[in-house]
Protein chains: 2
Amino acid sequence: MDIAALRSAHPDHWNKAAAIRALTLDAVHAANSGHSGMPMGMADVATVLYEKHLKFDASAPNWPDRDRFILSAGHGSMLLYSLLYLTGYEGMTLDQIKNFRQWGAITAGHPENFLHDGIETTTGPLGQGISNAVGFAIAEEALRARFGKKAVDHHTYVIAGDGCLMEGVSHEAIGLAGRLGLGKLIVLWDNNNITIDGKVDLASRTDQVKRFRAEGWQVIEIDGHDPEEIDAALTKAKTGRRPTMIACKTHIALGHAAQDTSKGHGALTDADQMAAAKEAYGWTTGPFEVPADIKKAWEAIGKRGAEAHAEWKTRMGELSERRQAEFTRVMDGEVPKSLASRIRALKKQISEECPKVATRKSSEMVLEVVNPVMQETIGGSADLSGSNNTKSGDMTVFDEGNRKGRYIHYGIREHGMAAAMNGMALHGGIRPYGGTFMCFTDYARPAMRLAALMKVPSVFVMTHDSIGLGEDGPTHQPIEHLAISRATPNTNVFRPCDTVETAEAWELALTSKSTPSVLSLTRQGVPTLRTEHKQKNLTAQGAYVLADAEGKRQALLMATGSEVAIAMAARDLLQAEGIGTRVVSMPCWELFEEQDEAYRRKVLPAGPVRVAVEAAIRFGWDRWLYGERGKREKSGFVGMHGFGASAPAEVLYEQFGITAEAVAEKAKSLL
Amino acid sequence: MDIAALRSAHPDHWNKAAAIRALTLDAVHAANSGHSGMPMGMADVATVLYEKHLKFDASAPNWPDRDRFILSAGHGSMLLYSLLYLTGYEGMTLDQIKNFRQWGAITAGHPENFLHDGIETTTGPLGQGISNAVGFAIAEEALRARFGKKAVDHHTYVIAGDGCLMEGVSHEAIGLAGRLGLGKLIVLWDNNNITIDGKVDLASRTDQVKRFRAEGWQVIEIDGHDPEEIDAALTKAKTGRRPTMIACKTHIALGHAAQDTSKGHGALTDADQMAAAKEAYGWTTGPFEVPADIKKAWEAIGKRGAEAHAEWKTRMGELSERRQAEFTRVMDGEVPKSLASRIRALKKQISEECPKVATRKSSEMVLEVVNPVMQETIGGSADLSGSNNTKSGDMTVFDEGNRKGRYIHYGIREHGMAAAMNGMALHGGIRPYGGTFMCFTDYARPAMRLAALMKVPSVFVMTHDSIGLGEDGPTHQPIEHLAISRATPNTNVFRPCDTVETAEAWELALTSKSTPSVLSLTRQGVPTLRTEHKQKNLTAQGAYVLADAEGKRQALLMATGSEVAIAMAARDLLQAEGIGTRVVSMPCWELFEEQDEAYRRKVLPAGPVRVAVEAAIRFGWDRWLYGERGKREKSGFVGMHGFGASAPAEVLYEQFGITAEAVAEKAKSLL
């Protein structure tokens, strides 16, 4: 590249972009790690975006109607940190930049949404940001439809690299965005032709332009170092009714000796090469030093949106107080006051009627109560609506012609669904939930982990949660998936035993502000076991005594979900033989673990033999089988020891020995 | 559709295809579950494929040079079972068809590769089959380059539906196949415009033809019910140098009242509608009854390949005995005799030289020894070759111009990589291994689970296996991933502590015939701890005493991988205070669990306090912390309790308290 020509063509632009490049070089040099090339390559695009298009106010990072900027290529985090610092976001100080990638700094290796308000989403695992962005754009459309254009009217911008576009989830995201016609979603592709292993061509010859057009996107091709082309493309992108992909031809590590090479992707730390690059940029100040005029120009950009922000406030003030309060409530993620009483009423009704239904059906019964009073829910399923029971009767389908629709047909896109849900939750104003089979948490897993890491309360409705799924066989029968979800930090895994527990689990999931929930629900019918109505949400304690021993307490049965009924039947068998047996329902291990030890010991006292029953692998159960401390109880496990099989559910339970008789026998063998 | 016109246009063809449709209707009716519509819609395509193109010999399902047929849309399993039954595969009896989806039958809900030799791969989780197929096609190219066209020269055919093509993994698979120019891969897309939720248009408007062309595929569009068009398309597809997608416009549940509806996707069990459909087909025999002439015609098709099979045998006989033996060895998945001695020699050398290297580097050292003597390995990485250390010096890149290359640049496609690896292993003749970061087992997870279920010995090389990854931060730091892999049935998870254990782990992974392996390897350097050479593979027992207590045994430290060195340092601290301390290295829990209880108790005896150290979540460790039976030992855990952070590795170990001092303190607090 002829850097001199670039500089002289647009000197003001050049200097602003050079600030990003220089800060990146300095920060990576100081950390001796990181990714230099991407911020250096995309600095021009980012500068034009922030200077002329992005609607933002650096003094108000949480302004609800700001445009969202998502750095899907999260390894280029110094691009974002530079922009936040230069435009004057509070907290993103020069010291933070100097401490890039160090303990305690908010300038983590990859952008973490929970470390600074100016970071919209955590990125780094490739493909997630662009897929979150689809959720952001859905949230914007839904809120605009609900609250009007005066309250909500903004764009979602994404910078994505080849890595993001090679990941499978990008296919799901792009397809979904194209189908839903998300015209306010604009993706800037950093088309630099380089990956870690070498030229993109080593692994891919995808024609991205044709690919995006095949998905119904508008595509614009530009020189990513020409500010006029960038500006024109962004202007055009904003007018379209379809999502837009701007293919920005760029040079990774622009102006550095490593330009256009895979070495340029990583940490450029050579002092001489750094000096040479800065010289080419015309950058003469010392490390981390941005000339005052350039910093001032950037700070003016940071204030560019103040007026629009003020106008928005005025417009909001013109809404009725009720509308304003409702907008504030949903943006704050608060549930409506009526939710608790609605849930209680349902619990009471169920305790009286005692239906025998699958908990996926129970979940639908809860949604029929919840969705009418929580207009902020957006539900959906990855092409299993009828099986996941995720669509309540009041919901219509979200579509180009019906932005008030609150149900999304995600298609066979579990991963894209989960990532989009995270995006909606991050955007604010929406409570997303989405369904698939429990076994296909596998497909959604990277996004489910990010929900936990990012502290967003997405609700994953996972039905067909055991061999109770039956004939579809082992590919569809979760065995290790409860363990997988439970092993994930900051994730509440609910496996309710009946409709009452399902209602309680939903209440906890919907009131969570920073923890995602996995609802593990049965395909097969289960009896109502909570036949005595209690106002209190017993699931909130994670585990509780469902039925205590009559007579001397000799055995303690622990179970979750569909196996609680089996434990109760085993209790009948044991009590009939005079063996006092307590049954503990454990719908949420994580919440039980959070209780104090006194409560845990009250529920699981020392003394009786212990048998756990769960139609899943034992992995993790030892925590509860072995007691809190001191003498270990005799214990056993009734569950799965390997993959399932294809047969009717009741046959499978019998063949795999997960029966009341087996549980009773196991308990007796330990006495 | 005008069924009568179809019948009269090609009556012989029609009757053969009708046999598939009738058997499907009968089997689903008997099971009262399953998927009728897809086999009914694709019966014409499958009939022409089997009758005129697929190179197979029903009497020899394991003939190495057969064409592979992969039903990626696995829910349409009755299509495959019908074909296997009709063409006369041993074992696929009418009784099996009658017992569709029942306990003990080989006709599971979805095709399971381990239940019948005629089933090439397990499908059902959508997108897996088409992605396996890429691996099958790679294996064919590689083996043809190695053994010559006389030994290996066949095609891979796939039937895929909209579900497969919507899944993200299909994007990775299609992109990889396009890039690698896999001309002998032919995908038949069942373009029926229906998914479970309704019309495809509900969720997707992807132009699949343009999409495949953007990936460098040849695309042919046909009427999927016209045998002449099908035949012509297959003929053309076989001549191309690029992979081919044939878009087959079909009607789901053809001829049934549910034709062209989402209802038609599922189980069609209404007796009257079934009768009406059969009448339209001109099918007058009773349930499960195929007229003798039609069965005979199908059986002739089953014998069609016998001649080609015989010719192949003759050609093979013309190869040198050494070549024949080598071909047989690799197809049988046997390792070369020299492997064991090579591994032993490396172990000896390492025990003497005692390098301090990262175990990912150790893994490379092993590969440098293994790859030259095991020409059947095909390695690769999802764009992290330099980080995963997966490319040994002797390997060249597999490409259109170099089919003898044994290294694949998979691109940023972890999921597609894992699925392709499974395909290579299933094809036979290839030992696939592939690398990414341990954290991104998340992305590869659905295929890793299938490796376990299908019993294929894929080797997943997962580096950067803890917070030891350092600055990249929590998105890249595995915390729960060891637990996830360990919770998965039939998966050996190796976390070696040094180069010697890494060599032992590789030996076990490479000699495995039916269990996949996960190698969990460090980014950071670790010392050699196995300084005394032992010929025996100690890792084979899963856990063993690395250093015993001096004096009275009071403490027992358990650790894996990089934390074994920390446990050893803690032992030094404790021994210095006169506390006799044993250190147990536990590189593979699964193999330790397989030992008899006597061995496990010998390694982990009752008495001393127990402390486990692992830079991961505790989940699963209670199994070992609590002893085999009887009195529970006092125990503690030093490791992670939540997500990691971005900082240099040594800072993170310090900040998260995973240090020798912390381990020693924990042990002392328990005494």
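The values are calculated or read from the model by the stated rules, or taken from the named source; none is laboratory data. Owing to the predicted nature of the structure, the values given are computational and were not obtained by experimental measurement. Note: ideal-geometry Cβ built from the backbone for every residue, glycine included; neighbour counts use all protein chains shown. Side chains included, ligands, DNA and RNA excluded: accessible areas come from the protein's heavy atoms. Shrake-Rupley method; radii C 1.70, N 1.55, O 1.52, S 1.80 Å.
In this structure, does B:Ile220 turn out to be among the aliphatic types (A, V, I, L, M), touching a Ser or Thr at 6+ places or on another chain (Cβ under 9 Å) and free of Cβ contacts under 8 Å to residues at least 40 places away in the same chain?
Considered against the rule, which asks whether it is among the aliphatic types (A, V, I, L, M), touching a Ser or Thr at 6+ places or on another chain (Cβ under 9 Å) and free of Cβ contacts under 8 Å to residues at least 40 places away in the same chain, B:Ile220 comes out as yes.
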Query raised in the report: When both residues are 6+ apart or on different chains and their Cβ atoms are under 9 Å apart, which pairs have a first residue that lies in the stretch B:525-545 and is closer than 12 Å to B:Ala503 by Cβ and without any contact (Cβ under 8 Å) to a residue 40 or more places away in the chain, and a second that is part of a strand (DSSP E or B) and of a type in the set (Lys, Arg)?
Result: none
Requested in this report: Filter the stretch A:413-452 down to residues that are out of contact with any strand residue (DSSP E or B) (no Cβ under 9 Å at 6 or more places or on another chain) and either among the acidic types (Asp, Glu) or under 14 Å from A:Leu176 (Cα atoms) (or both) and give me whichever is farthest from the other protein chains (Cβ to nearest Cβ).
Outcome: A:Ala419
Query raised in the report: Within the stretch A:396-406, is there a residue that is more than 8 Å from every other protein chain (Cβ to nearest Cβ) and among the acidic types (Asp, Glu)?
Result: yes
Query raised in the report: Are any residues in the stretch A:172-209 within 18 Å of B:Glu414 (Cβ to Cβ), within 7 Å of chain B (Cβ to nearest Cβ), in contact (Cβ under 8 Å) with a residue 24 or more places away in the chain and not β-branched (Val, Ile, Thr), and if so, which ones?
Result: A:Glu172, A:Asp197, A:Ala203, A:Ser204
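Would it be correct to say that A:Thr285 is open to solvent by 30 Å² or more (accessible area, probe 1.4 Å), within 27 Å of A:Thr93 (Cβ to Cβ) and not aliphatic (A, V, I, L, M)?
yes
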Query raised in the report: Is the stretch B:250-273 home to any residue that is closer than 25 Å to B:Leu84 by Cβ, touching a Gly at 6+ places or on another chain (Cβ under 8 Å) and in a helix (DSSP H, G or I)?
Result: yes
Query raised in the report: Of the numbered conditions (1) within 20 Å of A:His427 (Cβ to Cβ); (2) over 23 Å from the mean Cα position of the chain (by Cα); (3) surrounded by fewer than 24 Cβ atoms within 10 Å (Cβ to Cβ), A:Leu83 satisfies every one except a single condition; which is it?
Result: (3)
Report task. Would you mind finding the one in A:Glu597, A:Glu577, A:Glu614, A:Glu590 that is closer than 27 Å to B:Glu590 by Cα and open to solvent by 10 Å² or more (accessible area, probe 1.4 Å)? Result -> A:Glu590
Requested in this report: Evaluate the following for B:Gly88: is it open to solvent by 10 Å² or more (accessible area, probe 1.4 Å), of a type in the set (Gly, Ala, Ser) and part of a loop (DSSP other than H, G, I, E, B)?
Outcome: yes
Query - Residue in the stretch B:372-388 that is most open to solvent (accessible area, probe 1.4 Å), counting only those that are over 21 Å from the mean Cα position of the chain (by Cα) and away from every other protein chain (no Cβ under 11 Å) - result: B:Pro372
Report summary line: Going through the stretch A:105-123 in order, the residues found to be within 12 Å of chain B (Cβ to nearest Cβ), open to solvent by less than 20 Å² (accessible area, probe 1.4 Å) and among the hydrophobic types (A, V, I, L, M, F, W, C) are A:Ala105, A:Ala108
Report summary line: How many residues of the stretch B:456-490 are in contact (Cβ under 8 Å) with a residue 60 or more places away in the chain, within 11 Å of chain A (Cβ to nearest Cβ), open to solvent by 10 Å² or more (accessible area, probe 1.4 Å) and assigned to a loop (DSSP other than H, G, I, E, B)? The answer is 2
Requested in this report: Could you list, in sequence order, all residues of the stretch A:174-198 that are closer than 30 Å to A:Gly264 by Cβ, modelled with pLDDT of 95 or more and of a type in the set (D, E, K, R)?
Outcome: A:Asp190
Report summary line: Note on B:Glu353: of the conditions (1) within 33 Å of the chain's Cα centre (by Cα); (2) surrounded by fewer than 14 Cβ atoms within 10 Å (Cβ to Cβ); (3) under 30 Å from B:Phe460 (Cβ atoms), unmet is (1)
**Report entry** Sole residue being over 30 Å from A:Ile408 (Cβ atoms), touching a strand residue (DSSP E or B) at 6+ places or on another chain (Cβ under 7 Å), among the charged types (D, E, K, R) and surrounded by fewer than 20 Cβ atoms within 10 Å (Cβ to Cβ), chosen from A:Glu221, A:Glu228
**Finding:** A:Glu221
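Every residue, every condition in (1) out of contact with any Cys (no Cβ under 8 Å at 6 or more places or on another chain); (2) within 14 Å of chain B (Cβ to nearest Cβ); (3) closer than 18 Å to B:Leu625 by Cβ, yes or no:
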residue	(1), (2), (3)
A:Gly580	yes, no, no
A:Val584	yes, no, no
A:Val603	yes, no, no
A:Arg610	yes, yes, yes
A:Arg618	yes, yes, yes
A:Gly639	yes, yes, no
A:Pro648	yes, yes, no
Report task. Within the stretch B:124-160, work out how many residues are open to solvent by 10 Å² or more (accessible area, probe 1.4 Å) and within 14 Å of chain A (Cβ to nearest Cβ). Result -> 1
Query raised in the report: Failed condition for A:Lys666, given (1) open to solvent by 10 Å² or more (accessible area, probe 1.4 Å); (2) more than 19 Å from B:Trp624 (Cβ to Cβ); (3) assigned to a helix (DSSP H, G or I); (4) within 11 Å of chain B (Cβ to nearest Cβ), with all others met?
Result: (4)
Query raised in the report: Counting just the residues of the stretch A:511-547 that are part of a loop (DSSP other than H, G, I, E, B) and among the aliphatic types (A, V, I, L, M), which one comes out surrounded by the fewest Cβ atoms within 10 Å (Cβ to Cβ)?
Result: A:Leu529
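Residue-by-condition table, conditions (1) in a loop (DSSP other than H, G, I, E, B); (2) touching a His at 6+ places or on another chain (Cβ under 6 Å); (3) closer than 22 Å to A:Tyr281 by Cβ:
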position	(1), (2), (3)
A:Leu23	no, no, yes
A:Ser59	yes, no, no
A:Ile70	no, no, no
A:Leu80	no, no, yes
Query raised in the report: So B:Asp95 fits all but one of (1) without any contact (Cβ under 8 Å) to a residue 12 or more places away in the chain; (2) closer than 14 Å to B:Ala27 by Cα; (3) within 13 Å of chain A (Cβ to nearest Cβ); what number is the exception?
Result: (3)
Query raised in the report: Quick one: A:Arg449 ticks every box in (1) on the phi > 0 side of the Ramachandran plot; (2) assigned to a helix (DSSP H, G or I) bar one, so which box is it?
Result: (1)
Report summary line: Residue hits (the stretch A:305-343; in contact (Cβ under 8 Å) with a residue 60 or more places away in the chain and not in a helix (DSSP H, G or I)) are A:Gly305, A:Glu318, A:Leu319, A:Gly333, A:Val335
Query raised in the report: If you go through the stretch A:210-225 one residue at a time, how many are more than 8 Å from chain B (Cβ to nearest Cβ) and in a helix (DSSP H, G or I)?
Result: 1
Requested in this report: Could you please let me know if B:Gln102 is open to solvent by 10 Å² or more (accessible area, probe 1.4 Å), closer than 21 Å to A:His476 by Cβ and assigned to a helix (DSSP H, G or I)?
Outcome: no
